[in-house]
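Reviewing the structure listed below.
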Amino acid sequence: MKTPCIRILKLQVNNKLSAINPSMINGNSLNNLRFSLQLIIFEVVDMKYFYSMKQVLFVGISLIILFTFCKPEVKEKEPIVETRRPDPHSFSRPDIAVTKHLELELSCDFQQKQIRGIALYDIEHKSADEIIFDVLHLNIDSIDLIDNRTAVTKASYKYIENDEVLGKGLHVKLNSNTKKVKIYYRTSADAIALQWLNVDQTNTKKLPYLLTQSQSIYARSWIPCQDGPGIRFTYNAVVNVPENMMAVMSADNPQKRSTDGRYTFTMDIPIPAYLLALAVGDFDFKPIGNRTGVYASSDILDKAVWEFADLEKMLETAETLYGKYPWGRYDVIVLPSSFPFGGMENPKLTFLTPTCIAGDRSLTSLLAHELAHSWSGNLVTNATWEDFWLNEGFTTYFENRIMESLYGKSYADMLSLLGYQDLKKTIEEMGDTNVLTKLKLDLEDEDPEDALSDIAYEKGKTLLRYLEERQGRADWDGFLKSYFEKFKFKSNTTEGFVKYLDEYFPTMNKGVRDTMQKWIYNPGLIAFQPNYDNSRFLFVEKQLEELLKKPGAYKLKTRNWSTHEWLHAIRKLPKDITKQIIPNLETNYKLHESGNKEIAFAWLKYKIENNINAKEIAKVENFLLQVGRRKFVLPLYESLMKNGHEKEAKAIFTKAKSGYHPITSNSVNEALYPRI
Ligand code: BES
Ligand code: ZN
């Protein structure tokens, strides 16, 4: 009920989520009257008065009056007030009052599936009237203000905006001498960042599990915060969990379980809210090197230590490329298979999917990727989600440089070629005039989720590859080192990057610079084929040619094939003679039994697209019940839908969704039941 009403209201404000500014309600023009009425309606929605037919009627009639009688006069235009917030996805106004440090106290209640929290913020402002936080489906119980003499008073607060995606702006009234704001709150069952797993959904089946995923704008669903990537603060936390459970955060972490379920954490380097993270469950720690180690449940801890044996070396390699690792330790935690992403670069502690444990160390580029974010993303952060490519494009480039240093060019280039294929396919599917295929995005009124695609990753990486080839690797590396040094612990915009590039390379060729501008501001792909070594894929393609001659009988020469050769082969398989090819590959290479989730996923998808029979759907179902990583799950559901298996897709989702993280299940839900 609430959602559609808010959507209508959102449209009324001319789709400008950011347009509501309290200063606008003081004037007396008809325009302002419109805004005032809209604000009243927002408040009504907010105060949950919107539940009976009477109220629906009241709002309906208000809307009719609003639009019939309150049309703005055309002749006299008010001067335009600059109302755009610095970040379209946060209601906060750090330019007016900003958070600098957070003291967090959390109690994790696994019975209620609720976190109860106290967030005490040190703030900075110049006698501001208010500070604004972001909250999404969060229950605020009370707020205190603490002044410069540590006196405590109750704060008054209200919500002004309310948006389905962004949540609400929590406006807390300040005194001129307020130094700290203390918020008492509880999470709700709708907290999208949180996944609570029951005991039977975990690996060891002994204790429940809680994991968070804050990027891009979900930190606000478990901590009230100024949730924009351009705002950084340090934090300490005390986290209370049931006895025997382990807890870790994006901070200095314990390596042993506490006896009383109480853990303390420190993150003394300022980070943006999207890097706040917590995991609580039945897992332990083992070291890999001096600065590196793994947390995982006992059944996979040793496998993970083996799989990630090169982690310390990776860290050293990254440091030689782009400067000293600034975060102290680099640990990783292998989460339950419902974790919605491959990895998440939570500082000091990367969160990882268990699907990267292939048993042959072939999927460790994921580690290189998350490690690379320690520089591109965590050290130098995209200012808003419109500059997302600065995080992911730089990281995808950097990831590949680490892989190349460790495992050689022909190996690293296979990874690049697969990524480049993904990029071409994505642009083909999205359309090469689609504005979402630009690197610099305009996300005003857009959910940052909707802009998440291969563009930021692969188009971003290819641009950096282009610049590397044009400027020469040595000079380019010099630039990158200096870029990270110059912007460390700051956020940066695309324009800030270009400006620094201009300063660093004052004599850059004009053609190269113009092309770069096109990469950034134009949609589609810019013609440029990076100088990748494709010898290993050429061999695969030769083998496929032979297979075509005898599809039912030819035995591919697959000795030394890594996951990547297999992925290339599956992508290149013909679509018309599958009846012979599928049994051949399943009998000889057991592709249908692969424990490697990348291969299993690619194979299942190929089969769905090529007339899978009813018996085989059980295998898809099995996969979808085991894995919650959205990159695998969503395309499989979409493929089922596109290929005439809508009924089966919906039935599988009904069974599987209680095991998915809300981020995954929301996306699948939208694919299966699209809103008109
Ligand atoms: N930071 C991202 C994950 C992310 C991006 C979460 C945007 C929410 C919003 C992470 O570093 C990432 O890119 N993960 C990839 C792995 C990578 C190897 C491409 C993933 O999860 O697939
Ligand atoms: Zn990433």
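The values are calculated or read from the model by the stated rules, or taken from the named source; none is laboratory data. None of the values given here were measured: they were computed from a predicted structure. Here the Cβ positions follow ideal geometry from the backbone for every residue, glycine too, while neighbour counts run over all protein chains shown. With ligands, DNA and RNA removed, areas are computed over all heavy atoms of the protein, side chains included. Shrake-Rupley method; radii C 1.70, N 1.55, O 1.52, S 1.80 Å.
Screening the candidates 134, 141 for the property of being open to solvent by less than 30 Å² (accessible area, probe 1.4 Å) and part of a strand (DSSP E or B) yields one hit, 134. Looking only at the stretch 169-188, residues that are of a type in the set (D, E, K, R) and under 17 Å from residue 117 (Cβ atoms) come to 3 in all.
Go through 578, 558 for me and flag whichever is in the same structural domain as residue 626 (by TED's automatic domain parsing) and at pLDDT below 95.
Exactly one of 578, 558 is in the same structural domain as residue 626 (by TED's automatic domain parsing) and at pLDDT below 95, namely 578.
Take the residues in the stretch 312-342 that are within 14 Å of ligand 1 (Cβ to nearest atom) and in a loop (DSSP other than H, G, I, E, B), then tell me which one is surrounded by the most Cβ atoms within 10 Å (Cβ to Cβ). Ranking the candidates gives 335 first. Scanning the stretch 631-655 for residues that are surrounded by fewer than 22 Cβ atoms within 10 Å (Cβ to Cβ) and either within 18 Å of the chain's Cα centre (by Cα) or among the hydrophobic types (A, V, I, L, M, F, W, C) (or both) turns up 631, 634, 635, 636, 641, 651, 653. Taken over the stretch 372-389, the criterion of being part of a helix (DSSP H, G or I) and open to solvent by 10 Å² or more (accessible area, probe 1.4 Å) is satisfied by 386, 388.
Being within 16 Å of ligand 2 (Cβ to nearest atom), part of a helix (DSSP H, G or I) and open to solvent by 10 Å² or more (accessible area, probe 1.4 Å) is true for just one of 415, 436. Which residue is that?
415
Among the residues of the stretch 370-398, just one is within 7 Å of ligand 1 (Cβ to nearest atom) and farther than 30 Å from residue 445 by Cβ, namely 370.
Of the residues making up the stretch 343-369, those that are closer than 28 Å to residue 634 by Cα, open to solvent by 10 Å² or more (accessible area, probe 1.4 Å), more than 12 Å from ligand 1 (Cβ to nearest atom) and within 18 Å of the chain's Cα centre (by Cα) number 1.
Comparison of 294, 241, 248, 280 shows that the only residue that is open to solvent by less than 20 Å² (accessible area, probe 1.4 Å), away from ligand 2 (no atom under 16 Å from the Cβ), touching a helix residue (DSSP H, G or I) at 6+ places or on another chain (Cβ under 6 Å) and in contact (Cβ under 8 Å) with a residue 40 or more places away in the chain is 294. Exactly one residue out of 441, 452 is surrounded by fewer than 19 Cβ atoms within 10 Å (Cβ to Cβ), out of contact with any Gly (no Cβ under 7 Å at 6 or more places or on another chain) and closer than 25 Å to residue 164 by Cβ: that is 452. Inside the stretch 196-225, residues that are in contact with a helix residue (DSSP H, G or I) (Cβ under 7 Å, 6 or more places away or on another chain) and open to solvent by less than 10 Å² (accessible area, probe 1.4 Å) make up a count of 5.
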